[in-house]
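Every number in this text was worked out from the coordinates using simple rules, so none of it is lab data. Keep in mind that this is a model prediction, so the values were computed, not measured. Note that each Cβ is placed from the backbone with ideal geometry, even for glycine, and that neighbours are counted across all protein chains shown.
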Amino acid sequence: MYSIRVESWFSSAHNLRGYKGKCEALHGHNWKVEVVTAQDSLDKIGMVADFKYVKAALHTILVKLDHAYLNNIPYFKKVNPTSENIARYIYEAIARKVRGVKSVTVWENTTSSATYEE
């Protein structure tokens with residue numbers, strides 16, 4: 001199995017509904033996003049996927065989240081914008097654009113992350 005990993009970032013605000021603690025209040029993060037794409041074999045030129053293509057696809061998703069209040073995004077009006085749910089949101093969006101997405105990890109700070117994979 002071969003895999004590649006790309007990273008990007010976005011900044012946004014959110015608050016967690018139903019949470020008892022500081023995160024119940026409006027607050028923000030500088031999110032780091034890591035996408036892993038995997039394939040059993042390489043394409044005809046020896047790649048899992050073109051880094052440039054994966055980064056561009058990820059950018060089209062993150063631009064909608066960057067400097068946004070996540071709770072106002074339609075998906076997150078019904079789904080609590082936890083790190084876990086943000087990872088799933090990005091996974092589902094990029095999997096429609098890129099073949100072989102294995103996982104998406106979202107880091108809300110340097111020590112805490114959540115990963116979604118199917």
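Structure data summary
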{"quantity": "Radius of gyration and maximum dimension Dmax of the chain, Cα, Å", "calculated": "15.0, 53"}
{"quantity": "Convex hull of the range 26-75 built on C-alpha atoms - directionally averaged projected area, nm²", "calculated": "4.9"}
{"quantity": "Given charges at beta-carbon only (K, R positive; D, E negative), |dipole| of the range 23-105 in Debye", "calculated": "240"}
{"quantity": "Packing-based order for 16-27, 104-115, 85-96, using average beta carbon neighbours within 10 Å, highest first", "calculated": "85-96, 104-115, 16-27"}
{"quantity": "Dipole of the range 1-42, positive direction: furthest Cα of 4, 29, 18, with charges on the beta-carbon", "calculated": "18"}
